[in-house]
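The values are calculated or read from the model by the stated rules, or taken from the named source; none is laboratory data. This structure is a prediction, so every number in the text was calculated from the model and none was measured. Ideal geometry is used to build each Cβ from the backbone, glycine not excepted, and the neighbour counts take in all protein chains shown. Areas reflect the complete protein model, heavy atoms only, side chains present, ligands, DNA and RNA absent. Shrake-Rupley method; radii C 1.70, N 1.55, O 1.52, S 1.80 Å.
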Amino acid sequence: MQRLTQRLRQRRALAMLVLALLLAVVPTAAQAKGATGATISGGGPGGLPGGPITLKGDGEPGSGTDLADLAQAAGVWAVLFDDGPGGELASAPATADRGPRYTITWIFPNGAGTEDKVRQSVWPYAAGGPLTFMASGQPVLDATTKGGWFQATDNLRQSLIALGLPSRQPVTATSPAGPATPAAPDPAPALWPRVAVGLALLLAVAGGGALVLRRRSSPGAATTP
């Protein structure tokens, strides 16, 4: 009886050990939720002067690495999944005053042992603060991205400059066009032409009347006897 009990205990201990090893070795989507790399490219014709910028390492939120801090500043966690924190925009901002666009390609390991690439557009120098956009439906961590626009703080611009982007100030916002000034009404016609015409008519009538009266009052011609 003691031997049987001892064997059962050994089997339980062995099963627990195997389970612990499996949990430590096999990654799951819940465990591997941070990016392991990112590539920054774009910026207009010719791209970055020194070529794309690549980051690798631990992108787990709160890890304090450049990769994790960049993901936080760019709003990745706000637009990656439906349960992300707030900060995203409800609709696309105006197309003007954004400056050059860059692309950050995020690398996420998945449960299949491969990698998911999620692309995010970034406007670091946009007027009013940096803007980012992530398209929805991109495969990531056994799910798909929620996507959307995100209004970042100036910390994103400074972080990207520190990583190698051109040191530029934000774009100056274009002043909105003011309301159109209503056209001034046409000035009222001058009064004096009307007065002059009226006087001329009165003089003409008066002259005609005087001529008629003169003809009536003058004596007729003498007749020859």
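Miscellaneous remarks
- Any pair with Cβ under 9 angstrom, 6 or more apart, that starts in the stretch 85-109 at a residue that is in a loop (DSSP other than H, G, I, E, B) and ends at one that is open to solvent by 40 Å² or more (accessible area, probe 1.4 Å) and at pLDDT below 85: Ala96/Ala173; Ala96/Thr174; Asp97/Ala173; Asp97/Thr174
- Complete set of residues in the stretch 134-152 that are surrounded by 13 or more Cβ atoms within 10 Å (Cβ to Cβ) and of a type in the set (S, T, N, Q): Gln138, Thr144, Thr145, Gln151
- Extreme residue, modelled with the lowest pLDDT, among residues of the stretch 52-84 that are among the polar types (S, T, N, Q) and over 18 Å from Tyr102 (Cα atoms): Ser63
- On inspection, Gly62 does not qualify as touching a residue at least 60 places away in the same chain (Cβ under 8 Å), open to solvent by 60 Å² or more (accessible area, probe 1.4 Å), not charged (D, E, K, R) and not in a strand (DSSP E or B).
- Residue that is assigned to a helix (DSSP H, G or I) and without any contact (Cβ under 8 Å) to a residue 60 or more places away in the chain, where the choices are Gln158, Gln120: Gln158
- Criterion violated by Gly137 - all others in (1) closer than 18 Å to Gly47 by Cβ; (2) of a type outside the set (D, E, K, R); (3) without any contact (Cβ under 8 Å) to a residue 40 or more places away in the chain satisfied: (1)
- Gly47 vs. criteria part of a loop (DSSP other than H, G, I, E, B), open to solvent by less than 40 Å² (accessible area, probe 1.4 Å) and either in contact with a helix residue (DSSP H, G or I) (Cβ under 8 Å, 6 or more places away or on another chain) or not charged (D, E, K, R) (or both): yes
- Residues of the stretch 69-115 satisfying the condition of being under 19 Å from Ile53 (Cα atoms), among the β-branched types (Val, Ile, Thr) and surrounded by fewer than 18 Cβ atoms within 10 Å (Cβ to Cβ): Thr103, Thr105
- On the stretch given as the stretch 123-153, residues that are in contact with a strand residue (DSSP E or B) (Cβ under 8 Å, 6 or more places away or on another chain), of a type in the set (S, T, N, Q) and assigned to a strand (DSSP E or B) total 2.
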